[in-house]
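The values are calculated or read from the model by the stated rules, or taken from the named source; none is laboratory data. As the structure is a computational prediction, the values presented were derived from the model and not from experiment. For neighbour counting, all protein chains shown are included, and Cβ atoms are generated from backbone atoms with ideal geometry for every residue, glycine included. Accessible surface is based on the protein model in full, side chains and every heavy atom, while ligands, DNA and RNA are left aside. Shrake-Rupley method; radii C 1.70, N 1.55, O 1.52, S 1.80 Å.
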Amino acid sequence: MSKIHVSTEINGDQVEFLCETDETLLDVLRDQLGLTGAKEGCGTGDCGACSVTVDGRLVCSCLVLGAEVEGSAVTTIEGMADGDALHPLQRHLLEGAALQCGICTPGVLVAAKALLDKNPDPSEEELRYWLAGNLCRCTGYDKIIRSVMTAAAEMRGEKS
Amino acid sequence: MRYVGVNSFADAVDLMGSEQGKCMILAGGTDVLVQLKLGLVEPDLLINIKAIPGVKEISVSSTEYRIGVAVSGAELGEDAGLKAEWPGIVEAMELIGSTQVQGRATLVGNLCNASPAADAVPALVSAAARVEILGPLGRRKINVKDVTIAPGKTSLAKDEIITAVCLPRQQKNSGDAYLRFIPRTEMDIAVASAAVNLILAQDGSVQSARVSLGAVAPTVLLVDDAAKALVGSKLDDAALEQLSMACSAACSPIDDRRGTIDFRTKTAGVLACRAAKIAFQRAGGSL
Ligand SMILES: Cc1cc2nc3c(=O)[nH]c(=O)nc-3n(C[C@H](O)[C@H](O)[C@H](O)COP(=O)(O)OP(=O)(O)OC[C@H]3O[C@@H](n4cnc5c(N)ncnc54)[C@H](O)[C@@H]3O)c2cc1C
Ligand code: FES
Ligand code: FES
């Protein structure tokens, strides 16, 4: 079976890859491009550990084929920090002890950033619904929610 | 499996017509990719339709909304005009999955996956929505109600494709609503659901109604007796009682660990009453 040639943009860089027709974007990111931040928790759209954005939309990369991102712009967790400087969301999740095993964390961060890009001042309820597709087995969610709310406040320029 | 991204519906129809093996259309992929992964489907040819011009657009004329087949749930919810006119349909679509799933999932994918519990379908049926279909013999339009014929099966021929959802403009003094019951608050599949679309007369009573139920039969039901129970009333207790009874009488659900036959049957009636009240208030009626 011949592979499909795909050219796309990932975290601002032009990228080309060859993939099998049934290879998901998640597989391509992890196995071909070495971008192992997105995790495979379930592979069926339930856990959100594989969250990335495609053309500005938050999606599960396990539910997108590699072939489908031809001509698109993808962002992953690897594009979040600015060099060595962590994004405020990353810093606050660390400081707030909002991760234990860390498997859900990249997905949570990508999803939370997608919300704050759309609405810099979400209510806690809005945030909880937005993150309902990001499952975490460890933290019990409270610390995640609190850390994101604190990061959002800081990003709005409010003093905590 | 081969993969093709087409640039026109006509190309998709040609490919489906000439393919010897099994074809599958790829819209948002939130059903297709899960089924591929689980080995539930094994298409020989997968046809991505998201690059066809216009499939991401919602257009509106004096008579109808035309919703492109690649418009995602998130995009549907961002169309303020559509949301104001058909809040029940938009809310039903927005119930599907997580934010991530909303970024991809489409109305037509929900319809053509043909699950009895598909959330967007009862609301579309209550709205008398239609779909436009292209096949080798040309275009035709059918009611959404006539698309699903059994769980997992549609009435489309092997070489037919849905090209748009056509939603009538909502009339004055009308409103729609959709409710489902799930055991959790998010990320679950309906155990029973109900959609109601009402038009009120000058005197504030119900002039006409369409009531449909999901997850309580092999396909979504349009319950005429339930609509009759509402017509002429202002949703007094007697009318709601009649509505509930008519809905329960129409149910023929499955029995499983997520909901017994009794529970689904009763819940469908309760949800129809609650949805009717919301639709009535949206239409400008006062309870
Ligand atoms: C985590 C998760 C949660 C979910 N929760 C819900 C839920 O709460 N409620 C619910 O109802 N569903 C739910 N779903 C199922 C799914 O998201 C919906 O059914 C969705 O609307 C499917 O749309 P899609 O565009 O992704 O379809 P796809 O997967 O692309 O396609 C679905 C089917 O429709 C066919 N098809 C698509 N477009 C066309 C066309 N134009 N013409 C003809 N056939 C076509 C495809 O060939 C396929 O058979 C969930 C799925 C996941 C992964
Ligand atoms: S791995 Fe994609 S949602 Fe779980
Ligand atoms: S920290 Fe372990 S799953 Fe969230």
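Among strands (runs of 3 or more DSSP E) entirely within the stretch A:1-70, having at least 3 residues that are in contact with a strand residue (DSSP E or B) (Cβ under 9 Å, 6 or more places away or on another chain) and within 15 Å of ligand 1 (Cβ to nearest atom) singles out A:57-60.
Answer yes if at least one residue in the stretch A:85-105 is farther than 30 Å from A:S2 by Cβ, more than 16 Å from ligand 3 (Cβ to nearest atom), of a type in the set (S, T, Y) and not assigned by TED's automatic domain parsing to the domain that holds A:Q14, and no otherwise. For the stretch A:85-105, residues farther than 30 Å from A:S2 by Cβ, more than 16 Å from ligand 3 (Cβ to nearest atom), of a type in the set (S, T, Y) and not assigned by TED's automatic domain parsing to the domain that holds A:Q14: absent.
With the structure loaded, tell me whether B:I189 is within 14 Å of another protein chain (Cβ to nearest Cβ) and not basic (K, R) or whether it fails that test. It is true that B:I189 is within 14 Å of another protein chain (Cβ to nearest Cβ) and not basic (K, R).
Return yes or no: is B:A123 closer than 22 Å to A:V59 by Cα, at pLDDT 95 or above and within 15 Å of the chain's Cα centre (by Cα)? In short, no.
Listed here are the residues, each with its yes/no results for (1) open to solvent by 60 Å² or more (accessible area, probe 1.4 Å); (2) β-branched (V, I, T); (3) within 16 Å of ligand 2 (Cβ to nearest atom); (4) within 24 Å of A:L35 (Cβ to Cβ).
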site: A:P88; (1), (2), (3), (4): no, no, no, yes
site: A:E95; (1), (2), (3), (4): yes, no, no, no
site: A:Q100; (1), (2), (3), (4): yes, no, no, yes
site: A:C104; (1), (2), (3), (4): no, no, yes, yes
site: A:K113; (1), (2), (3), (4): yes, no, no, yes
site: A:Y129; (1), (2), (3), (4): yes, no, no, no
site: A:L135; (1), (2), (3), (4): yes, no, yes, yes
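Here B:V90, B:V101 are screened, and the one residue that is open to solvent by less than 30 Å² (accessible area, probe 1.4 Å) and over 15 Å from the mean Cα position of the chain (by Cα) is B:V101.
Considering (1) away from chain A (no Cβ under 14 Å); (2) charged (D, E, K, R); (3) outside any helix (DSSP H, G or I), the lone condition that B:R184 does not fulfil carries the number (1).
Which of the following residues is more than 24 Å from the chain's Cα centre (by Cα), open to solvent by 10 Å² or more (accessible area, probe 1.4 Å), aliphatic (A, V, I, L, M) and at pLDDT 95 or above: B:L45, B:L15? Answer to the check: B:L15.
Only one of the numbered conditions (1) aliphatic (A, V, I, L, M); (2) in contact with a Lys or Arg (Cβ under 7 Å, 6 or more places away or on another chain); (3) modelled with pLDDT of 95 or more is violated by B:V191, and that is (3).
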